[in-house]
Amino acid sequence: DAKRDGGGVMRFFEPALDEAARRRRMLELDLREAVAKGQFTLAFQPIFDLKAQRIGGFEALLRWHHPDRGWLSPVDFIPVAEETGLIVPIGEWVMREACRTATRWPEHVRIAVNVSALQFRSPGFQTVVLQALAISGLEPRRLEVEITESVFLDGEGPVVALLHRLRAMGVRVALDDFGTGYSSLSYLRSFPFDKIKIDRSFVTPVARDASAAAIVRAIIDLSAALRTDTTAEGVEDDEQLAVLTEQGCGSIQGYLFSRPVDAASTLELLATPLVRAAA
Ligand code: C2E
Ligand code: MG
Ligand code: MG
Ligand code: MG
């Protein structure tokens, strides 16, 4: 019967569960140490403004140099950082480091910072932003906070109020990974976002799939009607660029223009004449 089968299943899977739990626990301990020991760094990926034909900003992307496992991607550790609450101190470090780096760039160049739902809803978030701006001296209009729809899951009211407070400070707000959530359109009515980032899953097939092209066109037209900027994520080839340009997309981000680079290389990218701009 079920009970007997269950017992067998338990015996069979227990070591595997132990192993998964053990690895998770290890990662948590390592993450705690990583914050204290400064093992994090930021990569910066340029966002290319199609109208101005220049770099309009960079997105800060978190990297972790693990003492034994080498460089780890945020997708490998952000879920655990969120579950354990460690995303709050990590996110605070990201915000400060990103603002500090951006002060080295020309004034028209913005910094976009990813903020996870848990960090965004943590009580000190607004203070973290204020302090990062105050310490760095960065103009608030040069900071763009990227959130995803998941911030709204536990209720819209307080989130929308905080978005308006950030806006009142002069900070910009972008809606990241647009199109991958559940009810994107309703969130667009809740708050006038400064930017919509079209998720890579729509951008990748945009030049070969009529439905993807229609959806991207609809997002761009909708954004224009709402007076919201658009960035296409994950642009990797010229065919995608051609479609996005024709559709009136505001800016592109992706390997076609540049992979994420270290802080020093951002200055080189900003100083390099843009060959691609002429193409
Ligand atoms: P995201 O915010 O949507 O960031 C874009 C991701 O797409 C980055 O991955 C970037 O390296 C990657 N990407 C950019 N261009 C291309 C392309 O042309 N092709 C492909 N295949 N990928 C491209 P990354 O750096 O691994 O970050 C993954 C996710 O982790 C981010 O997605 C974001 O949700 C999260 N993340 C990164 N940094 C932070 C952070 O500081 N705080 C928080 N809370 N989350 C972060
Ligand atoms: Mg992002
Ligand atoms: Mg994104
Ligand atoms: Mg994405």
Farthest positive-ward along the stretch 182-252 dipole, Cα basis, beta-carbon charges - from VAL243, PHE191, SER211: PHE191
Exposure rank, largest accessible area first [ASP18, ASP177; 1.4 Å]: ASP18, ASP177
Anchor LYS51: aspartates and glutamates whose Cα lies under 12 Å away (excluding residues fewer than 8 positions away in-chain): ASP229, GLU246
Chymotrypsin sites (Phe, Trp or Tyr not before Pro) restricted to the stretch 167-212 and DSSP loop, no more than 15 other C-beta within 10 Å: TYR182
Euclidean distance of C-alpha centroids, the stretch 194-245 and the stretch 136-186, integer Å: 20
Under 5 Å, built H, 5+ apart or other chain: amide partners of GLU146: VAL113, ASN114, VAL115, ALA174
Gain on full stretching of the segment that runs from ARG63 to GLN131 - 0.36 nm per residue minus C-alpha separation: 22.2 nm
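The values are calculated or read from the model by the stated rules, or taken from the named source; none is laboratory data. Computed from a predicted model, the values in this text were never measured in an experiment. Here the Cβ is made from the backbone with ideal geometry for all residues, glycine too, and neighbour counts use every protein chain on show. Heads up: the accessible areas ignore ligands, DNA and RNA and are worked out on the full protein's heavy atoms, side chains in. Shrake-Rupley method; radii C 1.70, N 1.55, O 1.52, S 1.80 Å.
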